[in-house]
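The values are calculated or read from the model by the stated rules, or taken from the named source; none is laboratory data. Source: prediction; values computed, not measured. When we count neighbours, we look across all protein chains shown, and the Cβ atoms used for this are built from the backbone with ideal geometry, even at glycine. Remember, those area values only see protein heavy atoms, side chains included, never the ligands or the DNA or RNA. Shrake-Rupley method; radii C 1.70, N 1.55, O 1.52, S 1.80 Å.
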Amino acid sequence: MDPLEDTLRRLREAFHAGRTRPAEFRAAQLRGLGCFLQENKQLLHDALAQDLHKATQLDSAFIRKEPFGLVLIIAPWNYPLNLTLVPLVGALAAGNCVVLKPSEISKNVEKILAEVLPRYLDQSCFAVVLGGPQETGQLLEHRFDYIFFTGSPRVGKIVMTAAAKHLTPVTLELGGKNPCYVDDNCDPQTVANRVAWFRYFNAGQTCVAPDYVLCSPEMQERLLPALQSTITRFYGDDPQSSPNLGRIINQKQFQRLRALLGCGRVAIGGQSDESDRYIAPTVLVDVQETEPVMQEEIFGPILPIVNVRSLDEAIEFINRREKPLALYAFSNSSQVVKRVLTQTSSGGFCGNDGFMHMTLASLPFGGVGASGMGRYHGKFSFDTFSHHRACLLRSPGMEKLNALRYPPQSPRRLRML
Ligand code: NAD
């Protein structure tokens, strides 16, 4: 094997084995770094002098949070108001000028954002640009000082590629498949209530909704009647006539979701009505990992259950996939919840509930790996839209103190610095 590949594989294996996680390990490494600097002081001084003729001196410093300048915000259709206005609050609060690009798919909200919102803002600093993929592509050819994108990983890559041409920093709020582990010791009815609520909310068109359940075959047998009972309680015997169940945004999404109903075996629901863009709250069982429903983000009211034999197998299943935006673990044992939390990675995590973590302004919201980069909500939004400028101010006087660092340097003076 190539030595570099071997090194990278070794480091990644050490990371996955959890070597770098314990506090003692981190402290030991930092102590080692301290010893390196202490024990090799002269060696390093000589090397720095040879390479750069350089010595440094600490000074008092401060961070000035400044607006980036002209910011582009690109939004999706599933929460078309929230996902444009919440980033906009951060961008404006930080002092930026903003171009807002709402989704062309949620066209009624798009119209209001384009026609009504600008009346409430200073139009010399704020503009709404309309359009779909082609127009957004043209917009992205221009230089922005920051781009905040919410949408799919596929388009996230397009946005990041365009941003790279101008070295524009980005926040990417993306999606993916959010796992939901259910331990054998859970009360199935409680889990069913909580999982069904956040899976079928907005007809499943929520980036942090649980995408699939991981549980043992025994828990599945207990969960299915509980889910059926919850769905009936939430939406009645005929969910299509329930005012509490949303519809699929358009025909394209409807057709994609209807095709997913053919994966595995329908245990609950499965009905659809094209003329109404209706898909019943559905649970699938016996699904294979290779089927489309386990390959793509579902983004609809369909919940597959995948069987695992143990917690270890569930963790291994999660870690074999891209890092999700959200990860959920249900268990009566805090140790089990903690194991799922500490042995996996995801944008956010919630134990024994769904998406409540993203409702708190005190917590940052964002993805990791394929589910995105960067964070916002509350104060984190302000920080995201601000450049953290490192500053140092000195007195114009006391020049004698500075004389120490000016050349020519002697080894004795270098040691005093
Ligand atoms: P999308 O990526 O298709 O579109 C998002 C935005 O990008 C839209 O404004 C659209 O006009 C624009 N766009 C689409 N194709 C483009 C292209 N080729 N070039 C340039 N711009 C293009 O996403 P969507 O279908 O609107 O939303 C669903 C996705 O968004 C899901 O993956 C979901 O998980 C994700 N999402 C993430 C979050 C989050 O906060 N992380 C929130 C909501 C939705």
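Across every pair of non-identical alpha carbons in region 85-214, the mean reciprocal distance, once inverted, gives a Kirkwood radius of 17.3 Å. 3J(HN,Hα) couplings calculated from phi for region 133-143 with the Karplus curve 6.51 cos²θ - 1.76 cosθ + 1.60 (θ = phi - 60°) are, in sequence order, x, 5, 5, 5, x, 5, 4, 6, 6, 7, 8 Hz; Gly and Pro show x. Put simply, the amide H of ALA326, placed in the peptide plane, has neighbours under 5 Å in GLY347, GLY348, leaving out anything fewer than 5 places away on its chain. Taking the square roots of 5 times each eigenvalue of the Cα gyration tensor of region 256-347, largest first, gives ellipsoid semi-axes of 28, 13, 13 Å. Principal axis extents of the C-alpha atoms in region 1-141 (largest first, rounded to whole Å): 67, 43, 31. Here the accessible area is traced with a 1.4 Å probe on the protein chains. For the chain, carbon and sulfur cover 57 percent of it. Over every Cα atom in region 179-358, the radius of gyration and the widest Cα-Cα span, Dmax, amount to 15.2, 48 Å.
Spatially, region 122-144 and region 347-397 are offset by 25 Å when compared through their Cα centroids. Working from label points 7 Å from Cα in the Cα-to-Cβ sense, the ASN332 to THR290 distance is 3.9 nm. Dipole orientation for region 179-358: of the candidates THR190, THR342, LEU227, THR342 has the Cα lying most toward the positive pole (charges on Cβ; Lys, Arg +1; Asp, Glu -1). Relative contact order, percent, of region 44-168 when contacts are C-alpha pairs under 8 Å separated by at least 6 residues? Reported relative contact order: 26 percent.
Where nothing but the Cβ of Lys and Arg (+1) and of Asp and Glu (-1) is charged, how large is the charge dipole of the chain around its Cα centre, in debye to the nearest 20?
The calculated dipole for the chain is roughly 1780 debye.
Taking the centroid of alpha carbons for each part, region 151-217 and region 90-111 are 23 Å apart.
Per residue, the average separation of C-alpha pairs within less than 8 Å and at least 6 apart gives region 259-407 a relative contact order of 13 percent. Remark: region 154-160, residue by residue, has Karplus-estimated 3J(HN,Hα) of 4, 6, x, 5, 5, 5, 5 Hz, where x stands for each Gly or Pro and the curve is 6.51 cos²θ - 1.76 cosθ + 1.60 at θ = phi - 60°. Converting the Cα gyration tensor eigenvalues of region 98-172 into ellipsoid dimensions via √(5λ) gives semi-axes, longest first, of 22, 15, 10 Å. A Cα-only calculation for the chain places Rg and Dmax at 26.6, 88 Å. Checking the a/c ratio against 1.5 first, then a/b against b/c, what shape does the Cα gyration tensor give for region 189-236? Cα axes put region 189-236 in the oblate bin.
Solvent exposure of region 1-86 amounts to 78 Å² per residue of accessible area, where only protein heavy atoms count and the probe is 1.4 Å. A cut-off of 5 Å between modelled amide H atoms, ignoring neighbours fewer than 5 places along the same chain, links PHE148 with LEU72, ILE73, ILE74, THR171.
Among PRO324, PRO102, PRO80, the residue with the largest mean-square fluctuation in a Gaussian network model of the chain, with springs joining Cα atoms closer than 10 Å, is PRO80.
At 1.4 Å probe radius, can you tell me the per residue accessible area of region 89-160 in Å²? Before the final figure, lay out the partial values.
On the way: 3960 Å² over 72 residues.
About 55 Å² of surface per residue is accessible.
A protection proxy built from the mean count of other Cβ atoms within 10 Å ranks the segments 7-20, 110-123, 155-168, most packed first, as 155-168, 110-123, 7-20. Per residue, region 179-358 exposes 41 Å² of accessible surface when a 1.4 Å probe is rolled over the protein heavy atoms with every protein chain present. On C-alpha positions alone, give me the angle between the axis of helix 82-93 and the longest principal axis of the chain, in degrees, nearest 10. It works out to around 20 degrees. Per the Debye formula on identical point scatterers at the alpha carbon atoms of region 150-275, with no solvent, log10 I(q)/I(0) at q = 0.09, 0.10, 0.20 Å⁻¹ is -0.35, -0.43, -1.25. The relative contact order of region 199-316, computed from alpha carbon pairs under 8 Å that lie at least 6 residues apart in sequence, is 37 percent.
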